[in-house]
Structures are given as C-alpha cells and as structure tokens.
Amino acid sequence: MAGKYSNRLGSLAGSEIRNMSIECEKVGGINLSQGICDLPLPPVLNTATKDALDSGMNHYTRHDGLDELRAAISQKLLRYNNIQADPLKNIIVTSGSTGAFYCACLALLNPGDEVVLFEPFYGYHQYTLLALGITPLYATLNPPCWEFDANEVEKLITKKTKGILINTPANPSGKVFSRRELEILADICLRHHLFLFTDEIYEYIVYDGLSHISPGTLTTIGDRVITISGYSKTFSITGWRIGYCACQEELAQQIGYAHDLVYICAPSPLQAGVAKAIQSLPDSFYLSLSAAYEKKRQVLCEALQEASLQPYIPQGAYYVLADASRIPGVNSKEKALYLLNKTGVAAVPGSAFYHQEGGENLLRFCFAKEDQVLNEACARLQRIKGFI
C-alpha cells in the first residue's frame with residue numbers, strides 16, 4: 001500500500017473534536033466537545049429558505065454568491081464592522097468560513113510559503129495550511145489573558161513568510177484581540193509585506209462590554225486584510241456552510257476563481273434564506289444572542305470551578321478552556337476520556353490546539369447548548385470530584 005495515497009495528507013491526523021464526538025456517542029454522553037449549536041433557528045431563516053425551495057431555487061448561483069446575499073453582507077459589513085465592501089468587487093460568498101480560508105490560501109499562497117498562526121489554534125486553520133503545503137509558524141498566546149509577545153512574532157518571520165492568521169473572537173481560548181494588539185500586528189504586516197487573514201466567525205459573541213474590532217477597519221493595512229466570516233455560529237446553522245470573505249478587489253477575484261474551482265458555489269436556497277435573515281433581523285437579535293451566551297458561559301464556568309476544573313474565562317466565542325491537571329492521565333487525550341468515562345461529558349483534549357507538547361493539561365468545553373442540556377452536563381461534571 002506504500003505510495004498509494006497523496007503525500008498532502010500524510011502529516012494530518014483526524015480531528016480530535018470529531019474523535020471525541022464519536023467516543024461520546026458510544027457511551028450516550030453529553031457532547032460539549034464539538035461546536036455544534038443546539039439553539040433554535042430564527043423563524044425568518046426557516047421561512048425564507050422554504051420559500052426559496054418552493055420557488056425552485058435548486059441550481060447553481062454565481063461562484064461568488066447570490067446578488068442579494070452579497071448586497072446584504074455589504075450592508076452588514078458597513079453597519080457592524082465599519083468596512084466598506086462593494087458587493088460586486090470585494091465580497092465572495094463561500095462554502096462556509098472554512099471554505100473561505102481554504103480558497104484564500106489556495107489563491108494567494110504557494111507551497112513552501114509560511115503563515116504565522118497563534119496557538120492555541122483552531123485545528124482546521126492548521127490543517128488547511130498543512131494540506132496546501134504551507135508551513136505554520138507558531139506564536140504563543142499566553143494564559144490567563146492569552147496575550148502575545150510582539151517580539152516573538154517578529155522573530156518568527158522569514159523571507160518565506162507571507163501572512164499572519166488571527167481568529168477574533170478566538171476558538172478555543174475565547175480571546176478578543178484589542179485595537180492595540182491589532183495595530184501591532186498591522187505594523188508587522190506592513191513592514192514585512194504580509195497578508196493578514198482574520199477569521200471573525202464569532203464576531204457577534206463577545207462578553208463583558210467588549211467590542212469586536214475588525215482588522216479591516218485599520219486604514220494603514222486595509223488592502224492587505226482578508227476578512228473571513230459567516231453565519232454558522234450566528235444563526236446556529238453549522239451544517240449550511242454559508243460563509244464569505246471580503247478583501248481588496250484583485251485579491252477577491254483570485255479567491256473567487258479558487259472557490260469556483262473547488263466548490264462551484266454555496267447552496268443556493270440556503271444563500272437566499274441567509275440573505276433574508278441578514279436583511280430582516282434587528283440589532284436586538286444580535287445583542288440578545290451575546291447576552292444569552294454570556295449567561296451560559298457563567299453557568300458552565302461556575303460548574304467547572306466547583307468541579308475543580310479551573311476555567312479560563314473567555315472574552316468571546318462559546319468555548320471554555322479549563323485546567324485539567326487534577327484529572328488522571330498522562331496526556332490530555334487520556335484526561336478527556338477519563339472525564340467522559342466518569343461523568344458522561346465529552347470535552348476536547350487541549351493538545352488538539354497545540355503543535356507540540358502544549359495543552360496536555362487543558363480541556364475545551366462548548367456551551368452552545370440548550371439550557372436543559374447544559375445544566376445536565378454541569379450536574380454530571382460534579383461527579384468528577386469523587387475521582388480526583
């Protein structure tokens with residue numbers, strides 16, 4: 001069998017997030033590992049999508065998306081992110097935000113190029129780079145506030161480095177990059193002629209009075225920023241795969257070609273439904289979304305603390321990293337399986353978010369769950385106290 005398969009995937013392993021979901025199914029546990037939103041969809045989304053299906057919207061759209069969706073995203077970017085993006089020139093609707101990042105890398109980077117990636121990182125960011133032959137350069141986010149050292153970032157950069165990737169709010173740490181931090185990274189990108197890829201899929205989910213700041217608003221670096229987002233998390237439609245990227249026209253054109261090659265287009269009736277929801281939902285929807293998740297964050301963090309799993313309180317997104325040093329096991333995978341076996345609650349091993357030895361005393365929990373499910377998970381977590 002040697003030599004039968006592509007070398008591209010040789011260095012990649014299966015996602016620990018999916019692995020833990022499978023282990024959870026085996027024991028009939030509560031899955032706080034995978035970021036699957038269990039919350040109900042906005043009614044307008046269901047209605048508009050059904051209307052699109054009933055009207056026979058079953059065919060290809062333009063590779064860059066429906067006109068009405070690109071127009072809605074353009075208006076949203078201006079109103080919420082303070083980014084001016086022409087729907088005809090600067091926006092590409094993609095098959096999820098993951099698809100946006102994949103196509104951006106495919107279009108703008110070459111095998112052998114390097115991209116700075118902050119860890120703990122979202123696994124699919126790393127997987128995408130590796131699958132395309134791009135080398136990640138790992139910069140550290142240091143707990144408890146997940147701060148980075150600008151000098152460390154600077155020292156990583158070589159002649160092969162072509163970009164920096166950030167996720168704000170971040171999965172798994174919940175970090176929200178501040179304006180000052182973004183200005184530091186923008187300065188580095190300018191001096192080294194780098195792209196700044198920014199995944200903002202959790203942009204509406206921020207806590208404690210913080211504000212989400214899009215790097216694309218920084219005038220000094222706007223033409224180097226590839227803004228990536230989507231509606232999987234905001235509308236609880238992770239399986240719909242409706243994302244987008246916004247960037248300078250020449251870059252958008254190349255990303256659009258890549259998206260056409262790989263995906264052809266995002267699902268047409270689902271695009272129509274999302275467009276209508278963006279146009280129709282008031283600001284109060286997004287504010288209530290953040291407020292609801294902030295309450296869930298409190299419930300889970302209090303339960304983790306009571307269970308002697310000290311949480312790192314997230315500033316945004318809907319995950320919590322917790323200290324699992326008291327749970328038996330030589331590594332985070334063993335600790336996650338031990339927790340699942342004793343409590344029936346699945347979490348992600350912290351090592352899934354680090355490239356070497358990091359994260360072995362961390363577990364990630366997702367709190368995007370209905371209250372009754374989250375409350376039951378929190379009650380079950382208390383069982384671990386009898387085993388540590």
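The values are calculated or read from the model by the stated rules, or taken from the named source; none is laboratory data. All values reported here derive from a predicted model rather than from experimental measurement. So basically every Cβ, Gly included, is an ideal-geometry build from the backbone, and we count neighbours across all protein chains shown. Note: areas computed on protein heavy atoms with side chains; ligands, DNA, RNA excluded. Shrake-Rupley method; radii C 1.70, N 1.55, O 1.52, S 1.80 Å.
Bridgeable aspartates and glutamates around K160 (alpha carbons under 15 Å apart, same-chain partners fewer than 8 residues away excluded): D113, E114. About its Cα centre, the dipole of region 201-275 is roughly 220 debye, where the only charges are +1 on Lys and Arg Cβ and -1 on Asp and Glu Cβ. In percent, rounded to a whole number, the relative contact order of region 227-277 is 33, using alpha-carbon pairs under 8 Å and six or more apart. Length gained on full extension, L39 to T238: 70.5 nm, using 0.36 nm per residue less the C-alpha separation. Highest mobility in the GNM of the chain, judged by mean-square fluctuation with C-alpha springs under 10 Å and restricted to V206, V373, V274, is found for V373.
A dipole drawn for the chain from +1 and -1 charges on Cβ atoms has a positive end, and of P269, F367, F148 the residue lying farthest that way is F367. If you place +1 on the Cβ of every Lys and Arg, -1 on the Cβ of every Asp and Glu, and leave all else neutral, what size is the dipole of region 259-388 about its Cα centre, to the nearest 20 Debye? Magnitude of the dipole: close to 340 debye.
With a cut-off of 16 Å on the backbone N, the residues of region 187-222 near the modelled label site 7 Å out from F285 along Cα-Cβ are 203-205.
Largest accessible area first, the residues K162, K335, K385 order themselves as K385, K162, K335 under a 1.4 Å probe with ligands, DNA and RNA left out. With R₀ set to 30 Å, the beta-carbon distance separating K159 from Q248 gives a calculated FRET efficiency near 0.80.
Considering only the chain, what is the antiparallel percent among its DSSP beta bridges, to the nearest 5? Roughly 50 percent of the beta bridges in the chain run antiparallel, per DSSP. Decide, for region 189-259, between rounded, prolate and oblate: order the square roots of the alpha carbon gyration tensor eigenvalues as a ≥ b ≥ c, take rounded if a/c falls under 1.5, and otherwise choose prolate if a/b is larger than b/c, else oblate. Judged from the Cα gyration tensor, region 189-259 comes out oblate (a/c at least 1.5, b/c at or above a/b). The 3J(HN,Hα) values that the Karplus relation (6.51, -1.76, 1.60; θ = phi - 60°) gives for region 82-89 are, in residue order, 6, 10, 8, 9, 5, x, 8, 10 Hz. Gly and Pro appear as x. For E147, nonlocal amide neighbours, meaning residues 5 or more places apart or on other chains whose placed amide H falls under 5 Å from its own, are N142.
Surface composition of region 40-85: carbon and sulfur atoms hold 54% of the protein heavy-atom accessible area at a 1.4 Å probe. Within the accessible surface of region 199-284, defined with a 1.4 Å probe on protein heavy atoms only, the carbon and sulfur portion equals 49 percent. For N167, the amide hydrogen comes within under 5 Å of the amide hydrogens of D199, counting only partners 5 or more places away or on other chains and with H modelled in the peptide plane.
Helix content alone sets the calculated 222 nm mean residue ellipticity of the chain: runs of n ≥ 4 DSSP H residues at -39500 (n - 2.57) each, divided across all residues, give -12000 deg cm²/dmol.
Per residue, the average separation of C-alpha pairs within less than 8 Å and at least 6 apart gives the chain a relative contact order of 24 percent. For region 232-276, backbone nitrogen atoms closer than 15 Å to the point 7 Å from T47 Cα along Cα-to-C-beta are found at 273-276.
Solvent-accessible area per residue in the chain equals 43 Å², computed with a 1.4 angstrom probe and all protein chains kept. Whole-Hz Karplus values for region 93-99 come out as 6, 10, 7, x, 5, 4, x Hz, taken residue by residue from phi with 6.51 cos²θ - 1.76 cosθ + 1.60 and θ = phi - 60°; glycine and proline positions read x. Here the chain is assigned +1 on the Cβ of each Lys and Arg and -1 on the Cβ of each Asp and Glu. Its dipole about the Cα centre then comes out at about 620 debye. Full extension of the chain between N331 and R79 gives 86.2 nm of extra length, using 0.36 nm per residue less the Cα-Cα distance. Our coupling estimate for region 40-46, obtained by passing each phi through the Karplus curve with A = 6.51, B = -1.76, C = 1.60 and θ = phi - 60°, is x, 7, x, x, 4, 5, 4 Hz, Gly and Pro reported as x. Under the shape rule built on the C-alpha gyration tensor, where the axes satisfy a ≥ b ≥ c, region 218-329 is prolate, since a/c reaches at least 1.5 and a/b is greater than b/c.
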